Every structure is written in structure tokens, then in C-alpha cells.
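Here the structure comes first, spelled out in C-alpha cells, and everything after it is commentary.
Readers should treat all values here as calculations from the given coordinates under stated rules, not as data from a laboratory. All values reported here derive from a predicted model rather than from experimental measurement.
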Amino acid sequence: MRIGILGAGQLGQMMALAGYPLGNRFVFLDTSGSPSADIGTVVMDQAEQSLDQFLQQVDCVTYEFEHLPLSLVKAVEARKPLYPGSEAIRVCQNRAEEKALFTRLGIPVADYRLVSSAEELAAAAAELGGAQQIPVVAKSLTEGYDGKGQAVLRTPAEAVDAWNKIGHPELIVESFVDFVREVSMIAVRGRDAQVVFYPIAENHHSEGILRYSMAPLPDVSEQLQTVAEGYIHQLLDALDYVGVLTLELFQTRDGRLLANEMAPRVHNSGHWTQNGAVTSQFENHLRAVQGVPLGSTAPRGLTCMINIIGEHGDLSALLEIEGAHLHLYGKEERAGRKLGHVNLVADSYEELLASVERARALLPGAPEAQFSFI
Ligand SMILES: Nc1ncnc2c1ncn2[C@@H]1O[C@H](COP(=O)(O)OP(=O)(O)O)[C@@H](O)[C@H]1O
Ligand SMILES: [Mg+2]
């Protein structure tokens, strides 16, 4: 099957790497002007003039990026099978739509308000902050990623600065969640509605960018895993979803899970599955999209994924670590840019943490990782 991918970055490239053994071939549609995928065929289309040329070469279409013009996505869907469908993109492009869907399905979220001026932002911060003056997080309704388009307000007096800094006409304002940790649940739904779930991963961010993901975890009870699976299953069914869906959650001190956001695609917090699960998220996404049985999501060891950000560091020393697997994206070094990741796989948490520590010392700017079970 010839698979078209909207977007031509590292996620698309890793899908293609997983799809070649399945006999798939890939055509990418790049609207950014700077594709990094270096496999298959890339159709450059900044002016939305080459859609025909792209569609002629593919049997079905998926995407690696949800911040695409909905008109483009709908034009694709009118002519080729598109998985996940455009409804998933429509919802995931807008934080208000996402939160409304979570709430409609009974999936708990932090308290929030929608605002469209600095004055409303100040009022929402005062109301949500309450007497204890809990901080709030303001986020642009659309287009945000990697912590961009966000500001934390400690008091309502910071509203004007935050409003100007974000520079977006509509914001969502959320109570700041005093979480124990951030986790993600990744699940895959096939065309026949079969669903498989990966074990929850614990995620650590630095400067808004994911740095570490670890899975499976020693301190995830069966009950917690089941609750997260229940939430994502409802989302998958409500959207009649096909492919990989990622749900980011906060775990609170009293052991509850609050949904933060979701992504209708393979996700950085699922890269550990390339070396740490029987079937990677990329392969399972492609299996779902082309309507063949999904693969086992069982872990093959204990894995920590570390993003390589900004500078490569000493990669050959990194490969000396037992159980280290390197995945580079072929990008030039630039501050804050995701250049690749390393998956460290081990048989015990003790070994895994020792490997993480060794890798961290070799990766410029990598912060200390405080996993919540330590
Ligand atoms: N309500 C919140 N309370 C506490 N921290 C938050 C809240 N919302 C976001 N964050 C922090 O900011 C990070 C990025 O926010 P997120 O909503 O996931 O946006 P992005 O699209 O940039 O990933 C989260 O991973 C989390 O660390
Ligand atoms: Mg996020």
C-alpha cells in the first residue's frame, strides 16, 4: 500500500521506517518549506498547488501533525481514505474543543475558562486562583506545541504581560495542577474498532519540551492503568478513530488522573516503543491505517527515551551504553530543536537508572531526571 503522510518531519520519517518492512511506500506532503524526512518521495507544497500530484501517488493518507488547515484536510478526505479522520484534527486543533469533549465524556480536567481579552484573563485568574491565589496557566486556543503560546500567571496582576506575551485573540485559562507527575496513555484503534493500549509512560519536560519518557513504570497500579485506558477508549470510540491516539494526563497527589490534552498521532512520549515494545507505535499506526491486525503492545524490557535537543553531544560514547539505541532525524543543530532521541532498554530499574545517568552526562543541557518512583 502506498501511504501519503501530511507533514514531512521526524514522525513521518519514523512511520516510513516502520512501514517499509510491511511493504508500504511513502509520499510526504510538506507545507512548511523545510521537510526533514529523507525517505520516500516528498511533494513540496507551500502554496497548496500540488495536492493532485500528491494524491495521485497514494492509496490512503495519514498525518504526523495536526496543525494543518482544516480545508486542506477535508479536501484530502473527500478524495482518499484519511485516517484518523478530519474530525479528530478539528477537535485536537482547538484546546476548547478538546476540553469540551473530555468533559462530555466524563473525563476529568482542571477547571478552566475561555477568555478573549486581558481584562477577562485577569478576571479568570482571580476566579480560578481563588482565595489561596493558586497560579493559572494561560494557553493560546490554537497552534500551541512544545509549551509555546503559554504563560503561567501567579497573580491576576500579571494578566496584561501574559496577554501581550502570548499574542493570541483567544486563550484558555486553566488552574495550575499541582501534579505528582505527567503521564501519557497511547492507544491504537483499528478500522474494525479493535483497540490496544500501551503501558502508561511518565514524562519529564524541560523548558516546555519533552526530555524523558519512561515505560513501563514500577508505580503504576493496574487500577491506574485501567482508568487511563477507559478514558482513551471513550475518546477513540467517540471519534470513530483509526490509528494512534495520545492522551496527556496529570496524576494528582490523591491519585486521580486529569486529562491535559490529546494528540491525534504518534507521539514523542511513545518513541520508547521502537525498542521497548513488541510492536512500535509507528508500526501499529500503519497497521491500523491499512486495516490489518494490530500488534502486541507488551513491553520487551524497561525503557527510557531521552530526547537529544539542540546539540548532538558525544554520540559514539552514548552508543557504548548497553541497551542504547539511537534514532537521529538528520537535522542541523539549533537551540531547542529536537535532533533525535536515544532509547535505553534494561532488565531492571537499577540498571536503567544507571544508563540514564550515563546518557545524561553525555547530552548537553540534559537536566537531572527525577522519576517519581525514585
Ligand atoms: N494546567 C496546568 N497545570 C500545570 N502544568 C501545566 C498545565 N498545563 C500545562 N502544564 C505544563 O505545560 C506543559 C505543556 O502544556 P500542554 O498543554 O501539554 O501544551 P503543549 O501543546 O505545548 O504540549 C505540560 O506538559 C505541563 O508540564
Ligand atoms: Mg503537551
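Before moving on, here are some points about what is shown:
- Remark: relative contact order (the chain) = 13 percent; criterion is Cα-Cα distance under 8 angstrom and separation of 6 or more residues.
- Estimated translational D of segment 163-306 in µm²/s (Stokes, Kirkwood radius over Cα pairs; 25 °C; 0.890 mPa s): 155 µm²/s
- Gyration tensor (alpha-carbon) shape descriptor, segment 280-347, a/c threshold 1.5: oblate
- Applying Stokes-Einstein at 20 °C and 1.002 mPa s to the Kirkwood radius of segment 32-76, computed over alpha-carbon pairs, gives a translational diffusion coefficient of 183 µm² s⁻¹.
- If you look at the Cα atoms of segment 2-82, you get an Rg and a Dmax of 11.3, 33 Å.
- Across segment 2-82, the relative contact order, built from alpha-carbon pairs under 8 Å that are at least six residues apart, equals 35 percent.
- Shape class for the chain, computed from the alpha carbon gyration tensor (a ≥ b ≥ c): rounded, with a/c under 1.5.
- Normalised by residue count, segment 148-220 yields a Cα convex hull volume of 153 Å³ per residue.
- Reciprocal of mean inverse Cα separation for segment 47-195 (Kirkwood radius, Å): 17.7 Å
- Over all projection directions, the Cα-based convex hull of segment 111-175 averages an area of 3.7 nm².
- Too-long pairs where the Cα-Cα distance tops 22 Å, listed order kept, from LYS99/LYS338; LYS99/LYS148; LYS80/LYS338: LYS99/LYS338; LYS80/LYS338
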